[in-house]
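The values are calculated or read from the model by the stated rules, or taken from the named source; none is laboratory data. Treat the numbers as computed from the prediction; the structure is a model and nothing was measured. Please note: Cβ atoms are built from the backbone with ideal geometry, for glycine as well, and neighbour counts cover all protein chains shown. These accessible areas exclude ligands, DNA and RNA; they are computed on the full protein's heavy atoms, side chains included. Shrake-Rupley method; radii C 1.70, N 1.55, O 1.52, S 1.80 Å.
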Amino acid sequence: MHRETYELIKADGIKKGNVLTVAQVAGIQGAKACSQIIPLCHPINLTKVSVDLRLMDNANAPQYDCAVDIEAMVKCKGETGVEMEALSAVSVAALTVFDMCKAVTKSMIIDGIRVVEKSGGKSGHWKQE
């Protein structure tokens, strides 16, 4: 994102409110609503959802030098994965950041959404190299 948008988020100067807090809550809601928005994704009893957002100055992006890094961690009891819930959490949080900041700039880019580690379920442990 552009420096101006980054500085407004950092100073809590976005008119719609505290971007990081609202996006965190939205991300948690996104994980909980995953089965309602993704076809064939079944409802899961989630035991933990955390969404962490942090401002990154000097991000390694070619167009921008600032970013909001978003990471979600989701847990459940049972023999099923929660990758879709974690991906939904990050996606909804990112869309919320965009929505809240679009009055300042519409040229933000959402990218790099991926699973970096998974444990449990039928396929066991997996970690992106």
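Numerical summary
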| item | result |
| --- | --- |
| Over 19 Å between alpha carbons, listed pairs LYS15/LYS106; LYS32/LYS75; LYS77/LYS122; LYS16/LYS48 | LYS16/LYS48 |
| Of ALA89, ALA33, ALA103, the one that fluctuates the most in a GNM where the chain has Cα springs shorter than 10 Å | ALA103 |
| Rounded to the nearest 20 debye, dipole of the chain from Cβ charges on Lys, Arg, Asp, Glu | 380 debye |
| Solvent-accessible surface (1.4 angstrom probe) belonging to MET100, in square angstrom, nearest 10 | 10 Å² |
| Acute angle (nearest 10 degrees) that the helix 83-101 long axis makes with the longest principal axis of the chain, alpha-carbon atoms | 20 degrees |
| Carbon + sulfur, % of accessible area of the chain - ligands and nucleic acids excluded, 1.4 Å | 51 percent |
| Helical contribution to [θ] at 222 nm, DSSP H n ≥ 4, -39,500 (n - 2.57), averaged over the chain, rounded to 500 | -10500 deg cm²/dmol |
| Computed Rg/Rh of the chain, alpha carbon atoms with Kirkwood Rh | 1.01 |
| GNM result for the chain, Cα springs below 10 Å: residue of GLY81, GLY27, GLY17 fluctuating most strongly | GLY17 |
